[in-house]
Amino acid sequence: MASSGNKNINAKLVLLGDVGAGKSSLVLRFVKGQFVEFQESTIGAAFFSQTVAVNDATVKFEIWDTAGQERYHSLAPMYYRGAAAAIIVYDISNQASFDRAKKWVQELQAQGNPNMVMALAGNKSDLLDARKVESEEAQTYAQENGLFFLETSAKTAANVNEIFYEIAKRLPRLQQTPNPSGMVLVDRPAERANTASCCS
Amino acid sequence: MTTVRGAAAALNPAPAISFDHKRDAYGFAVRPQHLQRYREYANMYKEEEEERSDRWKDFLERQCESAPLAINGLPGNNSAIKSNVESTDSTADDSSNNGAEAKHANGGKPDNLSEENKEAPSASETKVHQVKIWAEIRSSLRAIEDMMSSRVKKVNLIKNEPVSGMRKKLSPIEEARPGKGASEEDSDEEFYDLERSESDPNLETLSADAIHALDTGVDSHATQPESLPPWKEELECLVQGGVPMELRGELWQAFVGVRARRVDNYYYKLLAPETNLGSKNTELDDRNRESNVLESVGVPEKWEAQIEKDLPRTFPGHPALDEDGRNALRRILTAYARHNPSVGYCQAMNFFAGLLLLLMPEENAFWTLVGVLDDYFDGYYSEEMLESQVDQLVLEDLVRQKFPKLVNHLDYLGVEVAWVTGPWFLTIYMNMLPWESVLRVWDVLLFEGNRVMLFRTTLALMELYGPALVTTKDAGDAVTLLQSLAGSTFDSSQLVLTACMAYQNVQETRLQELRNKHRPAVRASLEERSKGTKAWKDSQGLASKLYSFKKDPGSVIIGSDKPEQSDMQMNGDVSHLDSLSVDGDEEIDPVKDLKEQVVWLKVELCNLLEDKRSAELRAEELETALMEMVKQDNRRQLSARVEQLEQEIAEIRQVLADKQEQENAMLQILMRVEQEQKVTEDARMFAEQDAAAQRYAAQVLQEKYEEASAELAEMEKRAVLAESMLEATLQYQSVQNKPQPSPRSKQAQQSNQDHSPEIPTRKIGLLSRWRDRNKDPNDEKSLNEGQKLSPKQDNTNGHEVQEKV
Ligand SMILES: Nc1nc2c(ncn2[C@@H]2O[C@H](COP(=O)(O)OP(=O)(O)OP(=O)(O)O)[C@@H](O)[C@H]2O)c(=O)[nH]1
Ligand SMILES: [Mg+2]
């Protein structure tokens, strides 16, 4: 949950996506400014933290980089529960990873925190020749589902910092005056309209 | 270490990998922030390793002496059987096997991997499965292996009971080998047997008999070490102190009971399904009929892409994992996925297999992996990862119980222990602790034959780092700190000994109880999730109540849910209901009236669903509110405490101020006293000076007085002299004049003693006469004349005398 104290915000952020989509690489680029050709597979999850300054406030991201393999899915709720933001990553050179990303979006919409800021990252944008997912398609999908979308490359660093900054800017506590305790309760009823669309 | 170097030397250049990391003695990358500490510990590791080697050598030697039967009797028998079997297999196999055995007999290092690698390139191009990739462990470790193998069987016996009920009756060959059957999962058993009877019946019966003989042999000997508890205890101590690198690969195999698990050719056949298509298919058909897993026809290939992706992502840049190393890794992982299709391939296995490959030959690594995954970690890496989740709940119980303060703090920060410990367990600490510590944990874990060491290690880490953790201020800091502290646990002996000693009472039986307690909840939540989203789940639950289907709706839904989850989701709940109603219609189609009822029920259902959903949302809201309230409450309590503390601080400040004031006063007094002291001191000095001056004056006076008295004395002498002279003169005169001689002299003497008023004139007269005579002593006449003139001169003479004095 994003929690605030005098414009210093802690925000839990979770990365979700298929095996090898580049979740760990994105985090490594953002946190350490590095990229390695062969990043070790993530088992379970790994934690990182990084602070960014936006609009004269600072946001300290508590980043959970999760494992991509389908069966590790069962551990994911532990990490996205209570998260203020999520980046769903797919590999633009891999259609299956895009399908998987859509599943994650649905799961978060159904199970996640309703105030969650969600970003869709089409990673490996440097691999233009191998592109399998058109950015228009992803853009449309993102718009329909209330996400914001960027094509990133952990390798070239394109749009990596941008996607994290954009998330920081969109965190609810940054846009409104801080209201620590009542917030969640106040916001919930409004959200209900979106999620409870059953049988209408 | 030799293996690593040997293998590295035999390799083609590795794929482009960034080599900017430093590597440790095992060839693993050391994180830059840990380089310094690693270097500090490297020497200690070396010393420990030497000590360890000596201790083990000593132990094994004593072992040889005390139990010659176990070592000399059985293995000889066994190797004879083995070479029998293998000679029919391939001659290359046989010779290299003998070579390996000879080497071990000489006490040489287990260079098997490099040996394999030298052979691999030529053979792998044509017949991969023919490459010799198996070696027996050295004979001095046989007794340990026997003891461990017997234990493995017992565990399996218990575990396999429920499974065997679901399986088909075992084949006749199986029944002829009761010992063997006990050590393997029934499904595998069947697999081997079918293959065997299919491909080479004669050989298989032979090998089956041989194994049977071997097993009974093992059993008869296995009872021996068990009747020697001190021996086992000593071994346990040695293992906790660490296994020497030179023996590690072989001891691990002994612990896991690889020789008892191994079935000849099984590994090769797994790897070559294409060449053995016939047998494979019948095997699969059989399997399908049994377990009703339709996809399993295409299964082996399902993992391929996944494994392929992870090959370069397993210890990237490790010198031993070059092209050949990665091919071996691929084979092991593929073989395991085919061996246990219900688990298949799970990320993490790549690291396990990679590590094992660094320590032992390929097939040995495979069987060790099979042992670890099928026995030690049964249910851990399967599709649902059920046991992994259960273990985290059990761990949370234990941590909560042992470290209540720490858990309170983490709760307050909103940190779940499992976030961090989940990956620890799943990786068996690989990449989470420094390598030396990882290997030491594995030593104990493999020796113990269960997952107890996972728990003990985490508890030890919490004990070591809990005090630091409670000082953290937010969730991020806590997790970062815990991760980085764990990552720098270079003191592996401290870690392992803390784990084994301080948490001795964490036992398998207790863990099993806790697991049984938590398992139902995990299973329930897994089932819930497998049914899809909440709304979906709701509709299903209600639907089944409303329309009591004959068909189990769950199975229908689950079947279609997995592949098409996304579609269903997008279509929304209505479509689900439609599909349900279709199902319902199938059931009640004949009765037209019911259609109306169905519509009504549908509406009702929607209402109910909506109610339930809003109730759920409300519940969630309330929960959140409660959480906030709890947080607020905590905050209030904290702020009360802060206030109290602040008050205390104020009081202390006040006291301090008072004290300071007192001190000031004291200081002033002190200063005044000091001043006074100074004044008196001055006064004393003055007085002293005065006294000195006076003393000096007194001295001067004394001197003067002495001088004066000396002069007086002289004067008196002179006076006496003068008087005597005067007397003499008077006498002389009286002699000459005759008148009254004596009375005069008497008078003169009197005048000298007391100063009667009339005497001075006489005296003066005398003196002046005496002087006059001195002036002119020889002139008696002038003296006489002077006598006559005396009244005048008396005054002046008297004055002169006074002055002199
Ligand atoms: N060309 C290119 N390759 C990338 C990029 N990002 C990641 N990769 C490569 O893709 C592979 C997988 O990247 P990871 O970051 O490990 O992927 P992941 O999503 O964390 O995978 P898991 O941990 O298994 O779930 C690595 O070998 C990376 O080098 C990118 O932007 N461009
Ligand atoms: Mg990763």
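Let me know the shape class of region B:361-473, please: from the alpha-carbon gyration tensor, a ≥ b ≥ c as square roots of the eigenvalues, rounded when a/c is under 1.5, otherwise prolate if a/b is greater than b/c, or oblate. Note, shape of region B:361-473 comes out prolate. Ordering B:VAL673, B:ALA692, B:ALA708 by Cα displacement along the dipole of region B:622-711 toward the positive end leaves B:VAL673 in first place; charges were set at the Cβ atoms of Lys, Arg (+1) and Asp, Glu (-1).
Beyond 25 Å between alpha-carbons counts as too far, so tell me which of B:LYS232/B:LYS269; A:LYS12/B:LYS22; A:LYS60/A:LYS103; A:LYS60/B:LYS402; B:LYS22/B:LYS46 fall in that bin. Can you show the working numbers first?
Details: B:LYS232/B:LYS269 37 Å; A:LYS12/B:LYS22 32 Å; A:LYS60/A:LYS103 28 Å; A:LYS60/B:LYS402 32 Å; B:LYS22/B:LYS46 18 Å.
The pairs that break the limit, which is 25 Å between Cα atoms, are B:LYS232/B:LYS269; A:LYS12/B:LYS22; A:LYS60/A:LYS103; A:LYS60/B:LYS402.
Seen through its C-alpha gyration tensor, with square-root eigenvalues sorted a ≥ b ≥ c, region A:30-75 comes out oblate because a/c lies at 1.5 or above while a/b is not bigger than b/c. Each Lys or Arg adds one and each Asp or Glu takes one away; over the other residues whose Cβ falls under 13 Å from the Cβ of B:LEU386, this sums to -1. Measuring between alpha carbons in the structure, the pairs from A:LYS7/A:LYS124; A:LYS7/B:LYS405; A:LYS102/B:LYS302; A:LYS132/A:LYS155; A:LYS132/B:LYS531 lying more than 24 angstrom apart are A:LYS7/A:LYS124; A:LYS7/B:LYS405; A:LYS132/B:LYS531. When the Cα positions of B:VAL370, B:VAL417, B:SER382 are compared along the charge dipole of region B:367-432, B:VAL417 comes out farthest toward the positive end, with charges on each C-beta of Lys, Arg, Asp and Glu. Using Cβ point charges alone (K and R +1, D and E -1), the dipole size of region A:49-114 about the Cα centre works out to roughly 160 debye.
Taking a quarter of the surface of the Cα convex hull of region A:27-174 gives a mean projected area of 8.6 nm². Only the Cβ atoms of Lys and Arg (+1) and of Asp and Glu (-1) were treated as charged; on that basis the dipole of region B:412-544 about its Cα centre amounts to roughly 560 debye.
All of the numbers you see were taken from the coordinates with simple rules; none came from a lab. As the structure is a computational prediction, the values presented were derived from the model and not from experiment. Please note: Cβ atoms are built from the backbone with ideal geometry, for glycine as well, and neighbour counts cover all protein chains shown.
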